[in-house]
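Okay, structure first, notes after.
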């Protein structure tokens, strides 16, 4: 991690939710994803209200952040909260 934005989560706090986020990854994904970096990038997009394409280059690729966002916001039942909402 080489970025320091006001939207970043403290690593100790991220470690409390890491297991939940890791449990969602599809088993077919072969490229290792830095979940901390990816989660911070999603927080950045929410705080700055920017689009995926405008993520600073020191975050993961925007496609990676978007891919994780899709997994974290997937709902099997519309009455349940998404994982992103829960964490």
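The values are calculated or read from the model by the stated rules, or taken from the named source; none is laboratory data. All values reported here derive from a predicted model rather than from experimental measurement. Backbone-built Cβ (ideal geometry, glycine too); neighbour counts: all protein chains shown.
Here is a yes/no grid of residues against (1) crowded, with 17+ Cβ neighbours inside 10 Å; (2) modelled with pLDDT of 90 or more:
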{"site": "22", "(1), (2)": "no, no"}
{"site": "32", "(1), (2)": "no, no"}
{"site": "35", "(1), (2)": "yes, yes"}
{"site": "42", "(1), (2)": "yes, yes"}
{"site": "46", "(1), (2)": "no, yes"}
{"site": "54", "(1), (2)": "no, yes"}
{"site": "63", "(1), (2)": "no, yes"}
{"site": "73", "(1), (2)": "no, yes"}
Top-ranked residue in the stretch 41-73 [being touching a helix residue (DSSP H, G or I) at 6+ places or on another chain (Cβ under 8 Å) and assigned to a loop (DSSP other than H, G, I, E, B); ranked as nearest to residue 16 (Cα to Cα)]: 73
How many residues does the stretch 31-47 contain that are over 11 Å from the mean Cα position of the chain (by Cα) and in contact (Cβ under 8 Å) with a residue 40 or more places away in the chain? 1
Residues being within 13 Å of the chain's Cα centre (by Cα) and in contact (Cβ under 8 Å) with a residue 12 or more places away in the chain - total across the stretch 48-61: 4
What pairs come out if I take residues in the stretch 1-30 that are closer than 16 Å to residue 59 by Cα and pair them with residues that are in a loop (DSSP other than H, G, I, E, B) and at pLDDT 85 or above whose C-beta lies under 7 Å away, six or more apart or interchain? 2/58; 3/56; 3/58; 3/59
